[in-house]
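To start, the structure under review is shown below, and the notes come after it.
The values are calculated or read from the model by the stated rules, or taken from the named source; none is laboratory data. The shown structure was predicted, so the numbers you read here are calculated from the model rather than taken from an experiment. FYI the Cβ positions are ideal-geometry reconstructions off the backbone, even for glycines, and counts take in every protein chain you see.
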């Protein structure tokens, strides 16, 4: 655990602080039990005693009651501190994850070849300009109505979002996922249980009067769906595909991606979520990655798959793979989906367990984004654009867009 904290760039001393707090919890618990046993024994002696002996025993009973109360308070405080420290630790990292910071990822594969627009004889337009030409994206009115990093999808832009969501849900249900439309507001227990009130807390919206959080991903309500439950092993894996609006403050990103819809405060997403046995988690992680690749392959987008480095993992992920689509006007790959193996981290915090052969134990949870709409729209518009500003619709998406083969400029 110390090594895991170290490669994550997290506080190593937390481990020793937790061990110390846990020792205090154990010893104070033992002390409380000893005093309670003495108290019970004393009660029996008082019932039989007489005279001075009884007076002395009654005096000791008073003293003992105060000691028991103090020991109980000490045990409660030690238990609370141990729990606080335990929940502040990040998940135990997968030893196979690359070590390092944000730029120390390992590229696992590159799929597809970015187009050579120069060879085709024209300069590619970015998604903002294409969105204006197509009457698909309106960031100016989005900012007027809702502030920076807000937008409207209009006309074919709105239809494109609905098409992508429906295509994603169709793929997920064909693969055996149960489609879900999830709450956008959750209680603190759900947000904390999934690990989003740690290092990610600065990007979470909190509604103080309601004591509810706006979710940044449907991973949160999907993970908490079976909170405080025991699931029979024969029902695993349980696979859900959740569609939801997602809300993120984007704190700490001042000046980054201010143009367009790459980094916004609200967007729609279809998220895959799986409950499975810890033994099958690694294989399930690879399956989630393949489903994400299948979706991007169907959209005919060039992309790469990266193994995210230890210092860039969220607190709940033991290992994470990102898929980054090629964005022509930026001349680089940008993240469009990711999939994380969170092992038993979330299930322990949310008290979700599995029953197998009469025994109960924690299970594993995994998540994977099938489509995050705005960035996928960016990738489609920029990669499939034509010289006149029109955009060719990928064949797999056409049935979900009323058979359209091309998105044409508005006049």
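Among the residues of the stretch 295-314, at least one is surrounded by fewer than 20 Cβ atoms within 10 Å (Cβ to Cβ) and under 20 Å from residue 278 (Cα atoms). Whenever a residue of the stretch 92-110 is at positive phi, its partners that are in a loop (DSSP other than H, G, I, E, B) and at pLDDT 95 or above, lying with C-beta atoms within less than 9 angstrom and at least six residues away or across chains, give the pairs 100/309. Among all positions in the stretch 118-125, there is at least one residue which is crowded, with 16+ Cβ neighbours inside 10 Å, in contact with a helix residue (DSSP H, G or I) (Cβ under 9 Å, 6 or more places away or on another chain) and more than 18 Å from residue 291 (Cα to Cα). Can you find a residue in the stretch 272-290 that is closer than 24 Å to residue 160 by Cβ, in contact with a strand residue (DSSP E or B) (Cβ under 9 Å, 6 or more places away or on another chain) and assigned to a strand (DSSP E or B)? Yes; the residues of the stretch 272-290 include at least one that is closer than 24 Å to residue 160 by Cβ, in contact with a strand residue (DSSP E or B) (Cβ under 9 Å, 6 or more places away or on another chain) and assigned to a strand (DSSP E or B). Would you confirm whether or not the stretch 175-185 contains a residue that is within 21 Å of residue 317 (Cβ to Cβ) and either loosely packed, with under 15 Cβ neighbours inside 10 Å or in contact with a helix residue (DSSP H, G or I) (Cβ under 6 Å, 6 or more places away or on another chain) (or both)? Scanning the stretch 175-185, I find at least one residue that is within 21 Å of residue 317 (Cβ to Cβ) and either loosely packed, with under 15 Cβ neighbours inside 10 Å or in contact with a helix residue (DSSP H, G or I) (Cβ under 6 Å, 6 or more places away or on another chain) (or both), so the answer is yes.
Is there a residue being within 25 Å of residue 383 (Cα to Cα) and part of a strand (DSSP E or B) anywhere in the stretch 214-223? No - not one qualifying residue is present in the stretch 214-223. Against the test of being in a helix (DSSP H, G or I) and either at pLDDT below 95 or farther than 19 Å from residue 133 by Cα (or both), the options 370, 397 yield a single qualifying residue, 397. Test residue 159 against the stated conditions and say whether it is surrounded by 15 or more Cβ atoms within 10 Å (Cβ to Cβ), in contact with a helix residue (DSSP H, G or I) (Cβ under 7 Å, 6 or more places away or on another chain) and at pLDDT 95 or above. Spelling it out, residue 159 is indeed surrounded by 15 or more Cβ atoms within 10 Å (Cβ to Cβ), in contact with a helix residue (DSSP H, G or I) (Cβ under 7 Å, 6 or more places away or on another chain) and at pLDDT 95 or above.
The set of residues in the stretch 323-345 that are surrounded by 23 or more Cβ atoms within 10 Å (Cβ to Cβ), in contact with a helix residue (DSSP H, G or I) (Cβ under 9 Å, 6 or more places away or on another chain) and farther than 30 Å from residue 122 by Cβ comprises 339, 340, 341, 342, 343. The residues on offer are 350, 370, 401, and the sole one that is under 20 Å from residue 170 (Cα atoms) and under 15 Å from the mean Cα position of the chain (by Cα) is 370. Is one or more of the residues making up the stretch 133-142 more than 26 Å from residue 297 (Cα to Cα) and touching a helix residue (DSSP H, G or I) at 6+ places or on another chain (Cβ under 6 Å)? Among the residues of the stretch 133-142, not one is more than 26 Å from residue 297 (Cα to Cα) and touching a helix residue (DSSP H, G or I) at 6+ places or on another chain (Cβ under 6 Å), which makes the answer no. Inspect the stretch 195-204 for any residue being in the same structural domain as residue 278 (by TED's automatic domain parsing), at pLDDT 95 or above, surrounded by 15 or more Cβ atoms within 10 Å (Cβ to Cβ) and not in a helix (DSSP H, G or I) and give the result as yes or no. Looking through the stretch 195-204, none of the residues is in the same structural domain as residue 278 (by TED's automatic domain parsing), at pLDDT 95 or above, surrounded by 15 or more Cβ atoms within 10 Å (Cβ to Cβ) and not in a helix (DSSP H, G or I). For the condition on the phi < 0 side of the Ramachandran plot and not in a strand (DSSP E or B), residue 334 does not qualify.
Being under 15 Å from the mean Cα position of the chain (by Cα) and surrounded by 14 or more Cβ atoms within 10 Å (Cβ to Cβ) narrows it down to one residue among 168, 189; which is it? Only one candidate passes the filter, namely 189. Is one or more of the residues making up the stretch 337-350 on the phi > 0 side of the Ramachandran plot and at pLDDT below 95? So far as the stretch 337-350 goes, no, none of its residues is on the phi > 0 side of the Ramachandran plot and at pLDDT below 95. Residues that are loosely packed, with under 15 Cβ neighbours inside 10 Å and touching a strand residue (DSSP E or B) at 6+ places or on another chain (Cβ under 7 Å) were ranked within the stretch 92-109; the one that is farthest from residue 15 (Cα to Cα) is 109.
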